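Below is one structure, written out as structure tokens, with a few remarks after it.
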Amino acid sequence: MSSSNQHLDTGQTFGVPQAYLPAEAAAEAGPLSRSTKDDAGKKRNTSYPPAPEPLPYGVPDNHTHLDFRDGSVHVTVAAALDAANAVGVPGVIQVGCDVESSEFAVRAASEDPRVLAAVAIHPNDAPRLAESDDLDAAIARIDELAAHERVRAIGETGLDYFRTQEPGRPAQEYSFREHIRIARKHSKALQIHDRDAHLDVVRVLKDEQLPERVVFHCFSGDADLARICNENGWYLSFSGTVTFKNSTDLREALLVAKPELVLVETDAPFLTPHPYRGRPNASYLIPQTVRFMAETLGVGLEEYCRTLADNTERVYGAF
């Protein structure tokens with residue numbers, strides 16, 4: 001991000017950015033809203049965490065969902081980027097999961113130079129669309145959006161065996177292969193959603209002619225999968241999950257991964273890093289994860305920030 005990356009002063013701590021504080025007249029949460037309860041059905045703390053100390057060198061968030069609200073707080077794209085910029089996050093990749101959110105991603109990237117877009121049909125939506133005979137039309141629209149100059153990735157696409165059971169998996173794989181075709185056709189990076197499906201994701205990737213750049217979004221594998229990514233030149237994007245106390249496999253994968261293949265993301269508003277797990281996430285929290293990664297690897301923070309920034313630009317181009 002040569003045009004927007006600056007050496008940033010450190011040593012200052014922040015409260016919660018103003019944009020992420022509840023407003024008395026906050027609108028009702030829309031259809032793209034995170035549940036106020038956790039997986040166990042317990043009420044979550046939906047207050048946003050304080051901003052971390054700024055990074056010494058800007059690192060983009062390569063996977064976020066600015067259109068996904070958490071609780072009653074509605075944050076504009078510009079306000080979200082302002083908060084991120086204040087702590088050394090110069091830009092984001094806004095990721096689509098269906099036609100509507102992919103169109104939003106393109107609009108956001110067209111209107112704000114700090115945003116680039118990724119477009120796709122999420123693997124968990126593919127079976128539902130296939131049942132109603134709408135999957136091919138949705139994929140065709142993604143193909144149209146992929147031609148836009150501000151779209152730099154096709155994703156998130158892939159396989160999810162956690163939420164989709166056997167009857168829906170053929171539609172997932174069909175959609176995955178079609179998205180690979182689109183990424184190759186338009187010379188875009190491929191952002192993969194892989195949940196409990198490592199073996200089949202690798203099988204499909206090795207079976208297809210791939211685009212030049214492949215990213216495992218929210219990398220969820222172990223050291224063995226990291227080695228497979230190393231061998232094939234596939235990128236590993238780590239989220240806040242790498243900071244969780246029970247994520248030993250992820251930390252082992254980070255230690256194995258080639259530094260030139262590592263990226264960082266929030267997947268906001270999900271996967272908030274420790275010690276704020278379960279609370280809302282946002283791009284301004286990227287420094288929390290980056291610091292943890294650098295400490296785990298035993299490398300200098302500024303040096304590591306520069307590596308992550310260079311990797312991000314190599315995958316998605318300049319903002």
Original post:
Between Leu225, Thr46, Asn124, whose Cα lies farthest towards the positive end of the dipole of the chain when Lys and Arg beta carbons carry +1 and Asp and Glu beta carbons carry -1, centred on the Cα centre?
Top reply: Thr46
Original post:
Charges only on Cβ, +1 for Lys and Arg, -1 for Asp and Glu: so what's the dipole of the chain about the Cα centre, in debye to the nearest 20?
Top reply: 460
Subject >> Positive-end residue of Pro60, Phe104, Leu21, charge dipole of the chain with Cβ unit charges >> reply: Leu21
Subject >> Cα gyration tensor category, rounded, prolate or oblate, for the range 213-319 with a/c compared to 1.5 >> reply: rounded
Subject >> Tensor-based shape of the range 149-264 (alpha-carbon gyration tensor, a/c under 1.5 rounded, otherwise prolate or oblate) >> reply: oblate
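Using a probe radius of 1.4 Å on heavy atoms only, what accessible surface per residue do you get for the chain? Whole Å² is fine.
Ligands and nucleic acids excluded, the result is 43 Å² per residue.
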Original post:
With no solvent and one point per C-alpha, what does the Debye sum give as log10 I(q)/I(0) for the chain at q = 0.07, 0.12, 0.15 Å⁻¹?
Top reply: -0.24, -0.76, -1.25
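Quick check on my link table: of Lys43/Lys258; Lys185/Lys258; Lys185/Lys245; Lys43/Lys245, which ones sit more than 31 Å apart, alpha carbon to alpha carbon?
Details: Lys43/Lys258 39 Å; Lys185/Lys258 28 Å; Lys185/Lys245 41 Å; Lys43/Lys245 21 Å.
As for pairs spanning more than 31 Å Cα to Cα, those are Lys43/Lys258; Lys185/Lys245.
For the range 175-260, with only Lys/Arg (+1) and Asp/Glu (-1) charged at the beta-carbon, what is the dipole magnitude about the Cα centre, in debye rounded to 20? Could the numbers behind the result be given before it?
On the way: 13 positive and 13 negative charges, 68 e Å.
Magnitude of the dipole: close to 320 debye.
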Original post:
Which one of Phe176, Ala257, Gln209 is farthest out on the positive end of the charge dipole of the chain, using unit charges on Cβ (Lys, Arg +1; Asp, Glu -1) and the Cα centre as origin?
Top reply: Ala257
Subject >> Rough spin-label spacing in nm, given labels placed 7 Å along Cα→Cβ, for Glu252 and Asp134 >> reply: 4.3
**OP:** About the Cα centre of the range 80-126, how large is the charge dipole given +1 on each Lys and Arg Cβ and -1 on each Asp and Glu Cβ? Please answer in debye to the nearest 20.
**Re:** 200
Subject >> Rough spin-label spacing in nm, given labels placed 7 Å along Cα→Cβ, for Glu295 and Phe14 >> reply: 2.0
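Quick one, what does Rg over Rh come out to for the range 27-102 if you take C-alpha atoms and the Kirkwood Rh? Don't skip to the answer; put the middle values down first.
Values: Rg = 14.0 Å, Rh = 14.1 Å.
Computed over Cα atoms, the ratio is 1.00.
The values are calculated or read from the model by the stated rules, or taken from the named source; none is laboratory data. Since the model is a prediction, treat every value here as computed from it, not as a measurement. Don't worry about glycine lacking a Cβ; one is built from the backbone with ideal geometry, like all the others, and counts go over all protein chains shown. All accessible areas refer to the heavy atoms of the entire protein, side chains included, with ligands and DNA or RNA removed. Shrake-Rupley method; radii C 1.70, N 1.55, O 1.52, S 1.80 Å.
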